There are 2 protein chains.
Amino acid sequence: MKIDVCLSPHEVSEEKLKDHIAVVVDVLRASTTICAALAAGAKEIIPAESIEEAIRWATNLSRDAILLCGEREGKLIEGFNLANSPLEYKPKIVKGKTLIFGSTNGSPTVVKTRLAQKTYLAGFVNMTAIVQTLAEVETPIVIICSGKLGQFSLEDAVCAGNIVSALKQSLESILDLTDGANAALLLYQHYQESILKMVKESDHGRYLASIGMQHDLPICADLNRIPVVPVFHDGKIRIQKDKPGR
Amino acid sequence: MKIDVCLSPHEVSEEKLKDHIAVVVDVLRASTTICAALAAGAKEIIPAESIEEAIRWATNLSRDAILLCGEREGKLIEGFNLANSPLEYKPKIVKGKTLIFGSTNGSPTVVKTRLAQKTYLAGFVNMTAIVQTLAEVETPIVIICSGKLGQFSLEDAVCAGNIVSALKQSLESILDLTDGANAALLLYQHYQESILKMVKESDHGRYLASIGMQHDLPICADLNRIPVVPVFHDGKIRIQKDKPGR
């Protein structure tokens, strides 16, 4: 079984996606927030590549049924309903709604994976659920770290490495790991006992703390807190209910 | 002292280069081959972004004084004098010559750093010479891994981590490391006792062996084999003789 890890979204190419299962990682915070939103009963999430695209989507849909969500520089966008803190996505706010989601890094990365057979979203919060799902697929896997504005993010690489490590333990076949997958695995092995500390000390973790979002960090680092499997298909992210395709 | 590591050349931006000293790493093989060429007496090396640019350069210069060098898919380009194996760059061939150098990854990455205050080229072969040079600069440093066709390459990240590790030991000031620099440092710490094995098992190392270039790998992994300091300035790479700018 071949596993590739793209340490930044720039590394993604058509060739890497075609006939692959993609896994998008954005620990701080899109993966975490999308898990929270779906677990809180959101009907579906439409990831947008840009603020403009998010607004276009919203204009085409009935305003009662949707919420405009997203952030720039970690903060709420003017005219939007929700920003990108998992704490905002409560059942009384999101239940039954379609969310248009325009985050800086995670959303465009998810949209970029359109050519993959299927795309899952992963963070520490849904690690075991994602790994159990991936352990059943027989298609090569490419894990894509969303990073920050095209830059490498340590927390995403460590999370990708956590997936590689868990698959290595659960699969009987020998894994064929690329350089990126080997690097992510080693980074995870180094940080596995101190995930929250690593998240707090990462570049983006320190930035989020500097804008008053430090309360999100323990949530984003909390292993298996929200055991859902978000899957992106036909432009929408929903909870996967059926078995993954083989 | 701030040290950043770009794990792939896509991460480089104008902001990252401006007022920075850049260090370009391409262990397999441009950094190594350029060190070999300069140590063998080449007058200067003009890195080209593409084959077409290399040919344009060559057309504008006296053909007697130059050599057209480079590779695609690791092999000699038709009509070129030399490919990208350090073993080809012998004094009797390159002494006193201007080399137009068009490799797939290293050359365009070097050209990309035009906006930096100065650019050095580093591999394992000139590690201590590079670190001694960098230890004297007081400008923030950005180390750029050339990778392979925009993809992460383990051997470049480990080499970048070697530079970070050595600077950490030699500088008295506390280093301010980005996520990329921390990741590279950890990868180096893991592989430091087995550099040649890591190079041989890397994606690009295995590719080079598959096309019959396995004899280059021990050279590229040979610490301090060629202790020169190649510096890129005004479009040309030469051996640095003066003290670095502060």
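What follows is calculated from the coordinates using simple rules that are stated; it is not laboratory data. Not measured: the values here are computed from a predicted model. Methodologically, a virtual Cβ is constructed for each residue, glycine included, from the backbone with ideal geometry; neighbour enumeration extends over all protein chains shown.
Hey, rough spin-label estimate for A:Thr128 and B:Lys95, points 7 angstrom out along Cα→Cβ, what's it come to in nanometres?
A separation of 7.0 nm, rounded to one decimal place.
Closest beta-carbon to the A-to-B rotation axis: which chain A residue owns it, and what is the separation in whole Å?
That would be A:His10, 2.
Taking a point 7 Å out from Cα toward Cβ as the label site, list the nm distances between B:Ser173 and the same residue in every other copy, smallest first.
5.1
For segment B:87-141, what size does the Cα cloud have along each of its three principal axes, sorted from largest down, in whole Å?
Projected onto its principal axes, the Cα set of segment B:87-141 covers 38, 24, 20 Å.
Cα axis of helix A:51-60 to longest principal axis of chain A: angle in degrees, 0 to 90, nearest 10?
Once rounded, the angle reads 60 degrees.
Give the calculated FRET efficiency between B:Ala65 and A:Asp64 to the nearest 0.05, with a Förster radius of 60 Å applied to their Cβ-Cβ distance.
0.20
Relative contact order for chain B using alpha-carbon pairs under 8 Å, separation at least 6, rounded to a whole percent?
33 percent
Compute the Rg to Rh ratio over chain A from the alpha carbon atoms, using the Kirkwood formula for Rh, and round to two decimal places.
Taking Rh as the inverse mean 1/r over Cα pairs, Rg/Rh reads 0.94.
Find, among the GluC sites (Glu not before Pro) in segment B:93-163, those assigned to loop by DSSP (not H, G, I, E, B) with at most 16 other beta-carbon atoms within 10 angstrom.
B:Glu136, B:Glu138
Rg over Rh of segment B:111-246, using C-alpha atoms and the Kirkwood radius, what does it come to?
Details: Rg = 15.0 Å, Rh = 15.7 Å.
That ratio is 0.96, to two decimals.
Enumerate the residues in segment B:10-29 having an amide nitrogen under 14 Å from the point lying 7 Å beyond the Cα of B:Glu49 toward its Cβ.
B:14
To test your reading of the geometry: what angle, between 0 and 90 degrees and rounded to tens, separates the Cα axis of helix A:179-191 from the longest principal axis of chain A?
80 degrees
Averaging the inverse of every distinct alpha carbon separation and then flipping it gives the Kirkwood radius. What is it for the protein assembly as shown, in angstrom units? Write down the numbers at each step before the final one.
Working: mean 1/r = 0.0426 Å⁻¹.
After inverting the pairwise mean of 1/r, the radius is 23.5 Å.
With the cut-off at 20 Å, tell me which of the pairs B:Lys92/B:Lys241; A:Lys75/A:Lys148; A:Lys112/A:Lys200 have Cα atoms farther apart than that. Could you put the intermediate results ahead of the total?
Details: B:Lys92/B:Lys241 23 Å; A:Lys75/A:Lys148 14 Å; A:Lys112/A:Lys200 28 Å.
Result: B:Lys92/B:Lys241; A:Lys112/A:Lys200 exceed 20 Å.
Can you list the GluC sites (Glu not before Pro) in segment A:33-122 that are in a DSSP coil and have 13 or fewer other beta carbons within 10 angstrom?
Of the GluC sites (Glu not before Pro), the ones in loops of segment A:33-122 whose Cβ has at most 13 other Cβ atoms within 10 Å are A:Glu73, A:Glu78.
Report the net charge of residues surrounding A:Thr113, where surrounding means a beta-carbon distance below 14 angstrom and charges are Lys +1, Arg +1, Asp -1, Glu -1. Present the calculation step by step, with values, prior to reporting the outcome.
Values: positive: A:Lys16, A:Lys18, A:Lys112, A:Arg114, A:Lys118, A:Lys236; negative: A:Asp4, A:Glu11, A:Glu14, A:Glu15, A:Asp19, A:Asp26, A:Glu49, A:Asp234.
In short, -2.
For B:Gln132, place a label point 7 Å from Cα along the Cα-to-Cβ direction in every copy; what are the distances to the other copies, in nm, shortest first?
So the label point of B:Gln132 gives 5.9 nm to the other copies.
Starting from a label point 7 Å past Cα on the Cβ side, list the distances from B:Ala65 to the same position in the other copies, nm, shortest first.
7.2
Report, in deg cm²/dmol and to the nearest 500, the calculated mean residue ellipticity at 222 nm for the protein assembly as shown, where each DSSP H run with n ≥ 4 adds -39500 (n - 2.57) and the sum is divided by the residue count.
On the way: 22 runs with 186 residues, N = 492.
Helices in the protein assembly as shown give a 222 nm mean residue ellipticity of -10500 deg cm²/dmol.
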